[in-house]
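The values are calculated or read from the model by the stated rules, or taken from the named source; none is laboratory data. This is a predicted model, so every value here is computed, not measured. Cβ coordinates were reconstructed from backbone atoms using ideal geometry, including for glycine residues, and neighbour counts include every protein chain displayed.
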């Protein structure tokens, strides 16, 4: 059986990625399965840079192929912010709620609420690397809606829908989300790679 390692410690992300990576004969591990792995500082200025940094490090230390992603919420009225800083928008130790509150407070007076979620998935196998991107456009709601998902899901309403990501079940969200779209490309690649 082939093995890959998800370069993440985020339990929400690991769960979502494992659901998206349901490929026969593929065992999906995560960084939590390797005590020797240290936290990778996401200090690159692009999503691509952070995803590659994490995947390269995990592949180097474990000797196994690694898959990592980085995701940013890019808000038009905020000139693309929070972008690469989405996970730490309200500070280094910020919670999901802290980040959502900061974003909502900054947009209180704004009527243009267009935004997009963008995910870059990096797959590293030995000295080879591949990138896959997924984008989901939508709007930032004025208040939280729903209790599913994580991160900015309660305030992101994808184009063509009335519900936020946090009001959707995992199957519906994964079929249209930025991460779901990037992972579909990665899965097609991985099926050939296996």
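Pairs needed: first member in the stretch 13-37, on the phi > 0 side of the Ramachandran plot and in contact (Cβ under 8 Å) with a residue 60 or more places away in the chain; second member anywhere, surrounded by fewer than 17 Cβ atoms within 10 Å (Cβ to Cβ) and in a loop (DSSP other than H, G, I, E, B); C-beta distance under 9 Å; at least 6 residues apart or different chains.
25/1; 25/194
Might you check whether a residue that is in a loop (DSSP other than H, G, I, E, B) and in contact with a helix residue (DSSP H, G or I) (Cβ under 7 Å, 6 or more places away or on another chain) occurs anywhere in the stretch 48-63?
No.
Is there a residue in the stretch 7-17 that is over 17 Å from the mean Cα position of the chain (by Cα) and more than 20 Å from residue 136 (Cα to Cα)?
No: zero hits.
Looking only at the stretch 168-184, count every residue that is closer than 16 Å to residue 154 by Cβ and more than 10 Å from the chain's Cα centre (by Cα) and tell me the total.
Matching residues across the stretch 168-184 total 5.
For every residue, the table says whether it meets (1) in contact with a helix residue (DSSP H, G or I) (Cβ under 6 Å, 6 or more places away or on another chain); (2) surrounded by fewer than 22 Cβ atoms within 10 Å (Cβ to Cβ); (3) modelled with pLDDT of 95 or more; (4) assigned to a strand (DSSP E or B).
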residue	(1), (2), (3), (4)
80	no, yes, yes, no
111	no, yes, yes, no
117	yes, no, yes, yes
122	yes, no, yes, yes
148	yes, yes, no, no
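In the stretch 166-183, which residues are under 29 Å from residue 129 (Cβ atoms), touching a helix residue (DSSP H, G or I) at 6+ places or on another chain (Cβ under 8 Å) and in a helix (DSSP H, G or I)?
Result: 170, 173, 174, 179, 180, 183.
Given the conditions (1) surrounded by 15 or more Cβ atoms within 10 Å (Cβ to Cβ); (2) more than 18 Å from residue 18 (Cα to Cα); (3) in contact with a strand residue (DSSP E or B) (Cβ under 9 Å, 6 or more places away or on another chain), which single one is not true for residue 160?
Going through the list (1) surrounded by 15 or more Cβ atoms within 10 Å (Cβ to Cβ); (2) more than 18 Å from residue 18 (Cα to Cα); (3) in contact with a strand residue (DSSP E or B) (Cβ under 9 Å, 6 or more places away or on another chain), residue 160 breaks only (1).
What number of residues within the stretch 117-167 are without any contact (Cβ under 8 Å) to a residue 40 or more places away in the chain, within 18 Å of the chain's Cα centre (by Cα) and closer than 26 Å to residue 65 by Cα?
0
All but one of (1) touching a residue at least 24 places away in the same chain (Cβ under 8 Å); (2) under 15 Å from the mean Cα position of the chain (by Cα) hold for residue 53; state the number of the condition that does not hold.
Evaluating residue 53 over (1) touching a residue at least 24 places away in the same chain (Cβ under 8 Å); (2) under 15 Å from the mean Cα position of the chain (by Cα) leaves (1) as the failure.
Among the residues of the stretch 1-22, what is the count of those that are more than 24 Å from residue 165 (Cα to Cα) and surrounded by fewer than 16 Cβ atoms within 10 Å (Cβ to Cβ)?
Adding up the residues that qualify gives 3.
If the requirement is being in contact with a helix residue (DSSP H, G or I) (Cβ under 7 Å, 6 or more places away or on another chain) and closer than 28 Å to residue 31 by Cβ, which of these qualifies: 85, 96, 89?
Sole residue among the options that is in contact with a helix residue (DSSP H, G or I) (Cβ under 7 Å, 6 or more places away or on another chain) and closer than 28 Å to residue 31 by Cβ: 89.
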